[in-house]
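Structure record follows, encoded as structure tokens.
The values are calculated or read from the model by the stated rules, or taken from the named source; none is laboratory data. All figures in this text were calculated on a predicted structure; none of them were measured in a lab. Cβ placement follows ideal geometry from the backbone for every residue including glycine, while neighbour counts extend to all protein chains displayed.
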Amino acid sequence: MSSHPDLTSDLSLLVPRDIRLYLDDFDDLTLDLRGEIHERIGVQRAFPLNASTKFIVLHDSDGGEIGIVRDMVDLDPDSRDALEIALEQAYFMPRILKINSIVSNFHVPTWDVETDRGHRVFEIPSSKRDVRVIDDVRVILRDADGNRYEIVDYRRLDPESAAFVETIV
């Protein structure tokens, strides 16, 4: 007997063969669900940090849930590609490669960093709420504007950058 209950019967799981996902002319995700077209689909990972390809929630343009894709690998290749693009747009998260400085003004740290998307400077309003350490090495930051940044493994940063991270984790 499993110690975890099977809750999948309570979810509105979509049958992969019944759906087709594609990007329209404006690069908005569109869903064809058994011939019923849903435009400007929103996407959300139920478990973004540890199961990024499973249980993807699809929302209509008003935010209502249409259904859940149990696993992206079950989709046809074109639908999977379209969904991956939509998820990448929704979960845009530059990776921090180097920390130039962290300077606090009135207890609000301003980070000056180099990312895989270029140089960034941002504020972290609350270290307790906006800095998450995962598996002791991965760090997710949320800045004052709601943008997220990732440090894949802070131990692999240069020694000075790693020292900055160790002061906050």
Looking only at the range 133-151, which residues are surrounded by 15 or more Cβ atoms within 10 Å (Cβ to Cβ) and free of Cβ contacts under 8 Å to residues at least 60 places away in the same chain? V139, L141, R142, D143, R148, Y149, E150, I151
Search result, residues across the range 60-69 that are buried (at least 17 other Cβ atoms within 10 Å of the Cβ) and of a type outside the set (V, I, T): G67
Subset of the range 136-147, residues outside any strand (DSSP E or B) and either within 17 Å of the chain's Cα centre (by Cα) or of a type in the set (A, V, I, L, M, F, W, C) (or both), comes to V137, D143, A144, D145, G146, N147
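One line per residue, one yes/no per condition, for (1) assigned by TED's automatic domain parsing to the domain that holds A144; (2) outside any loop (DSSP other than H, G, I, E, B); (3) touching a residue at least 12 places away in the same chain (Cβ under 8 Å); (4) acidic (D, E):
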site	(1), (2), (3), (4)
Q44	no, yes, yes, no
G63	no, no, yes, no
I85	no, yes, yes, no
R120	yes, yes, yes, no
Name the residues in the range 93-113 that are assigned to a strand (DSSP E or B) and either among the hydroxyl-bearing types (S, T, Y) or surrounded by fewer than 16 Cβ atoms within 10 Å (Cβ to Cβ) (or both), would you? R95, K98, N100, S101, V103, S104, N105, V108, T110, D112
On the given criteria, is V169 modelled with pLDDT of 90 or more and not charged (D, E, K, R)? no
Of these, D136, D130, which one is acidic (D, E) and under 15 Å from A163 (Cα atoms)? D136
Could you identify the single residue in Q89, Q44 that is surrounded by 15 or more Cβ atoms within 10 Å (Cβ to Cβ) and polar (S, T, N, Q)? Q44
